[in-house]
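The values are calculated or read from the model by the stated rules, or taken from the named source; none is laboratory data. None of the values given here were measured: they were computed from a predicted structure. Heads up, the Cβs are rebuilt from the backbone with ideal geometry, glycines too, and the neighbour counts pull from every protein chain shown. Note: accessible area is taken over every heavy atom of the protein model, side chains too, but ligands, DNA and RNA are not part of it. Shrake-Rupley method; radii C 1.70, N 1.55, O 1.52, S 1.80 Å.
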Amino acid sequence: MMQRIAVLGATGSIGDSTLAILAAHPQQYQVYALSGYHRLDKLFALCQQFVPKRVNVPAAAVDDFAQRLSAAKLDIEVVGGAAGLIDIATDSQTDTVVAAIVGAAGLPSTLAAARAGKRILLANKEALVMAGQVMIDAVKTHHATLLPLDSEHNAIFQCLPVDIQQDSRQIHQPKHGVRKLWLTASGGPFLQQSFAQMQKAGVAEAVKHPNWSMGQKISVDSATMMNKGLELIEACHLFDLSEDKINVVIHPQSIIHSMVEYSDGSFLAQLGSPDMKTPIAHALSYPARIDSGSQPLDLYALSGLEFIEPDLQKFACLRLARQAMQAGTQATIVLNAANEIAVAAFLAGQIRLTDIADINEQALSEIQVPLLAASADIEDILSIDQLARRHTEALVAKVAKSI
Ligand code: NAD
Ligand code: MG
């Protein structure tokens, strides 16, 4: 059966990898809708290539984009802004939503897709960091399907038995013998450098990841290891575990994408080239398999696999993520929001790379928000997010002035 796909964040790095796979399997997948926020020329080219039925652009760009499409004789409906994103995510014609928007901006459409009972391929980890329980509850209540695209979570998913894949709460059944999850991390571009060197790093060095090619925000998060912190929180929600059941190990080759440790001493790992096309193809075709177009792993060419314990002083963001997860969702919302503001300030040249962890830590300790009730909804979440953003902007301004 033809699967109709909406790719939210089609102009980004995950969007690229997803569309490359969809283009290679036109009999199985129809590109039903696309969204883009920046680089609208690229979105226009994607519209020419895939001719989706609907496309989402920022509200201010709707008229212009619609004119360009009609001048090119492309019959594609243009929907604008955040409401338009939700519209295509919940469209009755959409079977699968690829949630590949970066940051908090991806939350409302991802949650709406869950509430519409869609099959969701989740790259937007920030949605789970902000609204983990709300998202997981929505998936269960509305019989949606949530499949992780993040390579680590996808690896863990693949290493778990079908019972747990279908219902994460099964992970607590003693018969399955799941003892721990191991998230692997590359350690980013500063693994072999001192804190002082990291402090002096410019944007170009920070976003130059040794193994993966990704968007700017996640590349900076990888350099500070905030990415692994966000992934730790993501894993807690996806696999229904507390943070003490999830270990992080640095594995600089990025060949093992993560592991599950079982009570009999077995460690199951998923291996592959560091290419997002593999987890995306897995999730698109699950439970079947399709060709992803990624380079197969050349085992004879691998010189060795290393494992290193992370230095939590140098990579304080990882420690902060555990701390926030222990404190509760209100704290993970604050951490995510503070980090987005701090990363944007680093990319704009206002603060140093190492200031990001300090700012995140200050935000966590200074921003007082009440415990979030189990009944909390997206409005409550977004109001904490906004509060944390305003507070962090003031912290950034102070740091920027002092350097
Ligand atoms: P990217 O910056 O390359 O692309 C982001 C996409 O989101 C673009 O299409 C952009 O137009 C859109 N976007 C940005 N701001 C928006 C807004 N305010 N409203 C609507 N759309 C907006 O990012 P990416 O590297 O593709 O990452 C996307 C998500 O996937 C992130 O959450 C990231 O953590 C996650 N992820 C990425 C990778 C990777 O290899 N790139 C791996 C694992 C997880
Ligand atoms: Mg990852």
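Details
- Here the chain has 53 percent of its accessible surface on carbon and sulfur atoms, given a 1.4 Å probe and all protein chains in place.
- Candidate cross-link partners of LYS401 among the aspartates and glutamates, defined by an alpha-carbon separation under 20 Å and a same-chain spacing of 8 or more, comprise GLU340, ASP355, ASP358, GLU361, GLU366, GLU393.
- Using the 1.4 Å probe convention, the accessible area of the chain works out to 42 Å² per residue with neighbouring protein chains retained.
- Nearby lysines by direct alpha-carbon distance to LYS314 (threshold 18 angstrom, same-chain neighbours under 8 apart not counted): LYS200, LYS228
- For region 310-322, Karplus couplings with θ = phi - 60° (6.51, -1.76, 1.60), whole Hz, Gly/Pro x: x, 8, 6, 7, 5, 10, 4, 4, 5, 5, 4, 5, 4
- Near the amide H of GLN3, within less than 5 Å, lie the amide hydrogens of TYR29, GLN30, all on another chain or at least 5 residues away, with H placed in the peptide plane.
- Using a Gaussian network model of the chain in which every pair of alpha carbons under 10 angstrom is joined by a spring, one finds that among MET135, MET225, MET214 the greatest mean-square fluctuation is at MET214.
- Short-range pairs are left out: with C-alpha atoms under 8 Å and at least six residues apart, the relative contact order of region 328-403 is 48 percent.
- Under a model in which nothing but the beta-carbon of Lys, Arg (+1) and Asp, Glu (-1) is charged, region 328-403 shows a dipole of about 340 debye around its Cα centre.
- Cα gyration tensor category, rounded, prolate or oblate, for region 1-88 with a/c compared to 1.5: prolate
- Put simply, the amide H of VAL79, placed in the peptide plane, has neighbours under 5 Å in VAL55, ASN56, VAL57, leaving out anything fewer than 5 places away on its chain.
- Remark: relative contact order (the chain) = 14 percent; criterion is Cα-Cα distance under 8 angstrom and separation of 6 or more residues.
- Per-residue HN-Hα couplings for region 225-232 [Karplus 6.51, -1.76, 1.60; θ = phi - 60°; Hz; x = Gly/Pro]: 6, 4, 4, 5, x, 4, 5, 4
- Reducing region 135-155 and region 343-373 to their Cα centroids gives an inter-centroid distance of 28 Å.
- Most mobile listed residue (ALA201, ALA100, ALA373) in the chain, GNM with C-alpha springs under 10 Å: ALA373
- Shape category assigned to region 234-386 from the gyration tensor of Cα positions, a/c cut at 1.5: prolate
- The dipole here belongs to the chain: it is taken about the Cα centre, uses +1 on the Cβ of Lys and Arg and -1 on the Cβ of Asp and Glu, and is about 340 debye.
- Volume per residue of the convex hull around the Cα atoms, evaluated for the chain, comes out as 143 Å³.
- The phi torsions of region 377-388, fed into the Karplus equation with coefficients 6.51, -1.76 and 1.60 and a -60° offset, translate into couplings of 10, 4, 4, 4, 5, 5, 6, 5, 4, 5, 4, 5 Hz, rounded to whole numbers, with Gly and Pro shown as x.
- Placing R0 at 41 angstrom, the Cβ-Cβ distance between ARG389 and ARG289 gives a FRET efficiency of 0.50 after rounding to 0.05.
- Interchain or long-range residues, amide H under 5 Å from SER258's placed H: THR184, GLN270
- Set LYS180/LYS208; LYS42/LYS125; LYS125/LYS175 screened for pairs whose C-alpha atoms are more than 27 Å apart: LYS180/LYS208; LYS125/LYS175
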